[in-house]
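Heads up, the thing below is written out as structure tokens.
The values are calculated or read from the model by the stated rules, or taken from the named source; none is laboratory data. Because the structure is predicted, anything quoted here is derived from the model rather than measured. Using ideal geometry, Cβ is built from the backbone for each residue, glycine included, and neighbour counts are taken over all protein chains shown.
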Amino acid sequence: MSLLDILLQINPFFPEGGGETQWWTYLIWILPIFFFIFYGQRLQMWMVLNDVSKSIKKLQNMKDNARKEAIDYAKSISQNIDPAERIDRFLEYFTIFPVDMDPSGIVPKVHHLLRVRDERIKAEVRKMSPSMDTVTASKMENILEAATVLNLIFKVVRHFYLMGKKTTSMFFLVQLQMIMPILLQEAEALNKAITAFKAGQPIGDGIGPMIVGKMMFNKEKRTIAKETVVCEDLYNGRTLYLMKAEGPAGSVGEPGTAVEKLIKETGINVNSIIMIDAALKLEGEKTGDVAEGVGAAIGGVGVERFQIEEVATRHGIPVYAIIIKQSVLDAITVMKKEIAESIDKVSKSVFNLIDDKTKEGDKVLIIGVGNTLGVAQ
Amino acid sequence: MSKEEKEKPIVYTIEECQKCGLKTKRTFKIGDFVYMVGELCSKCKASTLITMIYAESVKV
């Protein structure tokens, strides 16, 4: 049976007999064309609005859940206070970044600003319970940070959604709809991260500190910068300087300042720097894969990376990087088995790199970069 | 994976005996952290060290 035969069977849209077509059958075809000419965009907008509003609902649930988790955790620390008001105020806390019209000298300004923000967060957390230990305080800080970001994502998305609705602009809404899957993915990662922060479990980003922490175990450590420790070790005639954030509190430390201090202030002539960090994988790559390269492997705003690059360039120190690949979700949720099991492979790469790129008598600085929550040394 | 089959992460703590090297896997307890002294070794009763804490996904 041909296609024409099938179409002819669908009466009355395709009446047989050719010339006896009824006027209303034409209308059935023509009316939708005019309908879509005049109302097509409105219909599309209605569908986009519907889609975006569903995503906003999800974001709102996640934001409310994060707030509730933060309040519950604060209550578990100190029963004497009602932390809801303080936490709500904290969620609205903002940072105004320095003017970048003249970018020269902006890094120290950003560094200063981040320090002030960090100290403010710590002071707010301390107020909840002055007797709180460092690990608990760091957990609270991490939870608050996740809740603040979720709150911000929700508010920005809602802003553009309402703007699109108010101005009936398709362009606001379509752009929002296009980036929504990525935003939802990040929000879900943050939402899940809160569970790990509360329990003090190592997160995927902690793989760098975990590898260096193993090398530092049972060795005498000293604090070199804020929440950052360093120790010395010997390997095949080389002196190793091992550096990481001080665990098991949830902190990334200040590796940039620590490297500056180690090289500038203590005058140690480091011959090579090896940085180990978690890095975002591309879709299709396997979680826990290890790759080697050159350059400062460190994320964040860029202050720490700038400091390390500055010192390395001034002293002509080669910087080698070893990265452990993972997704955004893997990086801020409980460490996956594949990531944890990369520890031996990375350690082997580190020692191969030392053997290949340095000689006896050299001084090598090894930095484990990342949030060291649940990882001691 | 069907809609009913969802993955749930279970967090495990790996303890390694400092004497005989025996590795023990148990579920994570609040207060555990990597490179913390763990429970006594079930084989030689020497002290163990927590060397890993990780999540494994199980289908529920």
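Just the residues that are free of Cβ contacts under 8 Å to residues at least 12 places away in the same chain and either within 13 Å of chain A (Cβ to nearest Cβ) or crowded, with 17+ Cβ neighbours inside 10 Å (or both), please, taken from region B:31-60.
Across region B:31-60, the qualifying residue is only B:Gly31.
Does A:Gly164 meet the test of being among the small types (Gly, Ala, Ser), buried (at least 16 other Cβ atoms within 10 Å of the Cβ) and outside the structural domain of A:Phe90 (by TED's automatic domain parsing)? Let's see the steps before the verdict.
Numbers: among the small types (Gly, Ala, Ser): yes; buried (at least 16 other Cβ atoms within 10 Å of the Cβ): yes; outside the structural domain of A:Phe90 (by TED's automatic domain parsing): no.
Judged against the criteria, A:Gly164 is not a match.
Residues that are outside any helix (DSSP H, G or I), within 14 Å of another protein chain (Cβ to nearest Cβ) and modelled with pLDDT of 95 or more: does region A:233-242 have at least one?
Yes.
Could you tell me how many of the residues in region A:118-163 are of a type outside the set (A, V, I, L, M) and farther than 19 Å from A:Asn61 by Cα? So that I can check it myself, show each step before the final result.
Keep residues of region A:118-163 that are of a type outside the set (A, V, I, L, M), which gives A:118-120, A:122, A:124, A:126-127, A:129-131, A:133-134, A:136, A:138-139, A:141-142, A:145, A:148, A:151, A:154-155, A:158-161.
If we keep only those that are farther than 19 Å from A:Asn61 by Cα as well, we get A:118-120, A:122, A:124, A:126-127, A:129-131, A:133-134, A:136, A:138-139, A:141-142.
Matching residues across region A:118-163 total 17.
Per-residue answers, yes or no, for (1) over 19 Å from A:Ala340 (Cα atoms); (2) of a type outside the set (Phe, Trp, Tyr):
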{"site": "B:Lys8", "(1), (2)": "no, yes"}
{"site": "B:Val11", "(1), (2)": "no, yes"}
{"site": "B:Phe28", "(1), (2)": "no, no"}
{"site": "B:Ser42", "(1), (2)": "yes, yes"}
{"site": "B:Lys45", "(1), (2)": "yes, yes"}
{"site": "B:Ser57", "(1), (2)": "no, yes"}
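Which residue pairs have Cβ atoms under 6 Å apart, sit 6 or more places apart or on different chains, and have a first residue in region A:63-87 that is in the same structural domain as A:Arg126 (by TED's automatic domain parsing) and surrounded by fewer than 17 Cβ atoms within 10 Å (Cβ to Cβ) and a second that is in a loop (DSSP other than H, G, I, E, B) and of a type in the set (Ser, Thr, Tyr)?
Cβ pairs passing all conditions: A:Ser78/A:Ser129.
Can you pull out the residues in region A:165-222 that are touching a Ser or Thr at 6+ places or on another chain (Cβ under 9 Å) and at positive phi?
The one that is touching a Ser or Thr at 6+ places or on another chain (Cβ under 9 Å) and at positive phi: A:Gly200.
Counting only residues that are of a type in the set (S, T, N, Q) and in contact (Cβ under 8 Å) with a residue 60 or more places away in the chain, how many does region A:113-152 have?
Narrowing region A:113-152 to residues of a type in the set (S, T, N, Q): A:129, A:131, A:134, A:136, A:138, A:142, A:148, A:151.
Going one step further and asking which of them are in contact (Cβ under 8 Å) with a residue 60 or more places away in the chain, we end up with A:134, A:138, A:142, A:151.
Residues flagged as of a type in the set (S, T, N, Q) and in contact (Cβ under 8 Å) with a residue 60 or more places away in the chain within region A:113-152 amount to 4.
Determine the pairs where a residue that is within 18 Å of A:Asp344 (Cα to Cα), located within region A:282-296, has a partner that is of a type in the set (S, T, N, Q) and assigned to a loop (DSSP other than H, G, I, E, B) with Cβ atoms under 7 Å apart, the partner being 6 or more residues away or on another chain.
A:Thr287/A:Ser327; A:Gly288/A:Ser342; A:Val290/A:Ser342
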